Structures are given as C-alpha cells and as structure tokens.
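Here the structure is laid out as structure tokens; the discussion comes afterwards.
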Amino acid sequence: MITLSDARLSTRIAAERAGAWLLRATGDEFARFDSPANRADPYPAYARLRERKALYRSKLGFRVAVTFEHCNLVLRDRRFGVQRADGGQPKFFDTITMARGPEIVLSFLELDPPEHTRLRALARPAFGPAKLDGYRPLIESIAHDLLDRATEDGGFDLITDFAGPLPIRVISELLGIPDVNAERFLAYGRVLAQALDGISSMRQVRELRTATDEMYTMFRALMAAKREHPEADVLTQLTEAHDAGKLTVPELLATCELLLVAGFETTVNLIGNSALALLSHPDQWALLREDPGLARAAAEETLRYDPPVQSTARVAHEDLELAGERVRANELVFTMLGATGRDPAVFADPEVFDITRTPEREHLAFSSGIHYCLGAPLARLEAEIALRVLAERLPEPALDGTPRRRPSAGIRGLLRFPVRNAPGKRLSVP
Ligand code: HEM
C-alpha cells in the first residue's frame, strides 16, 4: 500500500535523482564520483581535486575534504558530529531514514555522545585486543575450510566462495547467529551499503525494508533463544544488557545490525581489494608467496592504497573555519578517506603499491576520532589470515574470467573475482 509518506518519499527521490543527474552533467566533481569511470578508478579524480583545493564546495550543498590533514582534522574535531547540533539528521542521510521507516532507530555509528558513548561501550568488550587471540584458531579453520571447498574443482570465485563467506561466518559466530545463510547475508549487506550512496528508486526502498524486516525478525527470535539458553556470544551479552535496562529493544536491533553488516560488508572488500592489488602487481605477490609473514603488511598497504570505505561525513555543530574557509553550523562535510591514503603530502610515492613500505602515518581507512572502527583489530586479523592462507595454498593464481566491480562509490570492492591456480600463467586484471 502506498502511504502519504511514501508518496512524499517518492517525489523526494525523483527530485534528488534529477538534481544529481544535472550536477553530473554540469561537471560537479562530487556528483561525478558516482559515474562508472570513477567507480572503476576514483584516484585520478581525488588527485585533481586535491591539487586544486583542500576543501571543495559541491553544488549538492555540502563540502568535500580531500587532503589527509583536513579529513583527519574534521574526524577528530569535537565541533563536528554525525548529527546536527539540534540532534536531527543531516540532509542527504535523512532520505535513508525516511525510506527505512519511523520504527527504525539510528545505530551508534550515526549518533553523537552521550548515546554514542553508552552504546559503543556495550558492544566494545567483544572486540577488544584481549579477545582477539582467542578468535585466531576459529578464523584459520574457517579460511581453510572455505578454500578446501572452493578449490575442489579447480577454479573458484575469490569473492563469493572465499572473501565474502569468511567474515560472515566469523561475525555470525561472534554474535551467536547459528545456521548462517551467507548468500542471504551478502544480499542484506549489499542492499544496506547501496543505500549509503543514496536512494534512487522506490524499488530500492522496498528492498531496504524487506532486508531490515528479515534481519530484525531473526534478531528478535535470537534474543528470545539467548534468554532461554545464554551463551558466550555478543547477542547474549546485549540481551542481558537490555534486561538490565541499559538499552532499548530498537537500540539493540540497530546495534546488532551495525555489528553484523559492518562486520562483513567491509572486510570482504579488504580481502578482495588486497588480492586484486597483489595479483595486479606480480612482484608483490611473489614477495608474499616467499614470505607469508608479510600478510599483515599487505592488508595494511591495501587499506592505504585501495580502502573499502571511500568516504564518510560529519556535520559542523557551530560556525567554524576549515582550510581557510568558513563552514556554517549544520553544514555537511564529506571526508574522502579513499583520497587520504594517496596524499603526497603524507605518503612518499603514494601511487606505488609496496607491501614492504614503512608508512609515514597510519592511514584513515578505519576513520579517526570517536567513531574509529570498533572492528579494526578483527578486520586486520581476518585479512592477515585470509591472505596468508591464499599465499600458502594458491601459489600461482590467475584470473579465470572478468572481475566485476560493485556499483558503488562509497564502498569499494568487487562482486566477482574468478581465479584459478595456473602455474606459469601471468595474470592481467583490467
Ligand atoms: C576492512 C574492514 C573494515 C573497514 C575498512 C571499516 C571501516 C570503518 C570506518 C571507516 C568506520 C567509521 C565511519 C565514520 O567515521 O563515520 C567504521 C566504524 C565502525 N566499524 Fe568498521 N570497518 C571494517 C571492519 C569492521 C568489522 C570487522 C567490524 C566488526 C563488527 C566493524 C565494526 C564497526 C563499528 C561498530 C563501527 C562504528 C564505530 C562507532 O561509531 O563508534 N568494522 N568502520
């Protein structure tokens, strides 16, 4: 049934789409990030902007920071937040909220203190360094198991058979989700991640609502099950926290969704982008094959060189000055994380992919400040193990078909990456 608010939403989506199309056609650099050419390789466009200015004003009504220094500043400065000063949502993101419906609350990724602090603290224990070493054997066994199955018939898809299911199985185990349907979860992740690029049709709205409904139904059933049979997992901990009055049911659902989706939607692309960069630079793959101990460094170099999350945004809470320009209260500033790793003011030879590099600074692929990625140590561990296992067991990988990119500017990665072990064959990735 089409409600009045859906009719309003549909008009708004059409207006936003028309506006974005017009701006792309008239050369607005930010609007053009979402063009097929830029999705294939956004780095030349970042460099062009960076050479021109540190802070760019998009005709879409917000600012775009492209240097390491200014992105880092915005992410760390407490005069910026993820909500407007009055607690409302910044324009651009409120269409997603409207699309999801009034019963869905924001996750702590989208909240400012004090709610952010309270909810992040409830999720933090499961992702602390003390817990991580305990996860290593689990991740190793999942990686080997997936590769056993994937390589049974020779060729396999590095994304759908390995990089995709690995983090899904890991985060599901940590959360306490049994009988995981990896394909269904991948589909949820894709629908949610696509929405971050903007909502472009009512069909997308329906997909978003279906994915949310299905996920929340699953989490509600699991909450009841954990109450009956508590286990050593995050869902049990959060259910207990709820029963102790520390968070509401909608907050718990939003937290579970964030942990689940952030837990795999990005890590799949770190493994995929690392493998792509390594196979496109055969000398670097050879280094890793000879010394699989370089796997951690290879993942770290990929986070600088081709990170899964290309941008995030903050809202100014007051009038302030940034890069010599005046930014008004409630103005949105996009920070192009993907651009920061190639900033020549920070990294020497930034266009060179070198897994033996000693970087001058830590990259911003996991963001900075109070929203710094909660799962960064887990993502690093998963990518390290995945790359090591690949290097040890797949010494001569070759492309076995055409890789396909995700149709997204915000999350960067591959949908398909067909490979096989083909000694002597040289790989060429388009
Ligand atoms: C390579 C993999 C990953 C990348 C590149 C990544 C990237 C990011 C980025 C850029 C942010 C901050 C966004 C902002 O500042 O607005 C973030 C936040 C977050 N990430 Fe990750 N992430 C990854 C893996 C994971 C994993 C495995 C988890 C595990 C659950 C996770 C959980 C979270 C959570 C909960 C937040 C919100 C933190 C907060 O708002 O305080 N991430 N991530």
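The values are calculated or read from the model by the stated rules, or taken from the named source; none is laboratory data. Given the structure is predicted, the values throughout are model-derived calculations rather than measurements. Using ideal geometry, Cβ is built from the backbone for each residue, glycine included, and neighbour counts are taken over all protein chains shown. Remember, those area values only see protein heavy atoms, side chains included, never the ligands or the DNA or RNA. Shrake-Rupley method; radii C 1.70, N 1.55, O 1.52, S 1.80 Å.
A few points about this structure:
- The single residue among 185, 156 that is within 16 Å of the ligand (Cβ to nearest atom) and surrounded by 19 or more Cβ atoms within 10 Å (Cβ to Cβ) turns out to be 185.
- Residues located in the range 106-137, provided they are among the aliphatic types (A, V, I, L, M), over 20 Å from the mean Cα position of the chain (by Cα) and open to solvent by 50 Å² or more (accessible area, probe 1.4 Å): 130
- Only listed residue being under 16 Å from the mean Cα position of the chain (by Cα) and away from the ligand (no atom under 13 Å from the Cβ), chosen from 412, 405: 405
- Residue under evaluation residue 179, criteria (1) more than 16 Å from the ligand (Cβ to nearest atom); (2) assigned to a loop (DSSP other than H, G, I, E, B); (3) buried (at least 18 other Cβ atoms within 10 Å of the Cβ), criterion not met: (3)
- Some residue of the range 324-340 being away from the ligand (no atom under 16 Å from the Cβ) and open to solvent by less than 10 Å² (accessible area, probe 1.4 Å): yes
- Conditions (1) surrounded by fewer than 16 Cβ atoms within 10 Å (Cβ to Cβ); (2) within 16 Å of the ligand (Cβ to nearest atom); number of the one not met by residue 276: (1)
- Of all residues in the range 239-273, exactly one satisfies the criterion of being away from the ligand (no atom under 16 Å from the Cβ), of a type in the set (Val, Ile, Thr) and in contact with a Leu (Cβ under 8 Å, 6 or more places away or on another chain), namely 239.
- Within the range 252-262, the only residue that satisfies the criterion of being open to solvent by less than 10 Å² (accessible area, probe 1.4 Å) and within 12 Å of the chain's Cα centre (by Cα) is 260.
- Positions within the range 63-86 being in contact with an Asp or Glu (Cβ under 8 Å, 6 or more places away or on another chain) and of a type in the set (Gly, Ala, Ser), in sequence order: 81, 85
- Taken together, the criteria exclude residue 360 from residues that are in contact with a helix residue (DSSP H, G or I) (Cβ under 7 Å, 6 or more places away or on another chain) and more than 11 Å from the ligand (Cβ to nearest atom).
- Matching residues in the range 198-233 - criterion: being outside any helix (DSSP H, G or I) and open to solvent by less than 40 Å² (accessible area, probe 1.4 Å): 198, 199, 201, 233
- Residues in the range 17-47 that are more than 16 Å from residue 198 (Cα to Cα), assigned to a helix (DSSP H, G or I) and without any contact (Cβ under 8 Å) to a residue 40 or more places away in the chain: 25, 29, 37, 44, 45.
- Answer from 23, 75 - the residue that is open to solvent by less than 50 Å² (accessible area, probe 1.4 Å), in contact with a His (Cβ under 9 Å, 6 or more places away or on another chain) and of a type outside the set (Phe, Trp, Tyr): 75
- All of 113, 90, 102 fail the test of being outside any helix (DSSP H, G or I) and modelled with pLDDT of 95 or more, apart from 113.
- Some residue of the range 132-145 being under 26 Å from residue 198 (Cα atoms), within 16 Å of the ligand (Cβ to nearest atom) and in contact with a Phe, Trp or Tyr (Cβ under 9 Å, 6 or more places away or on another chain): no
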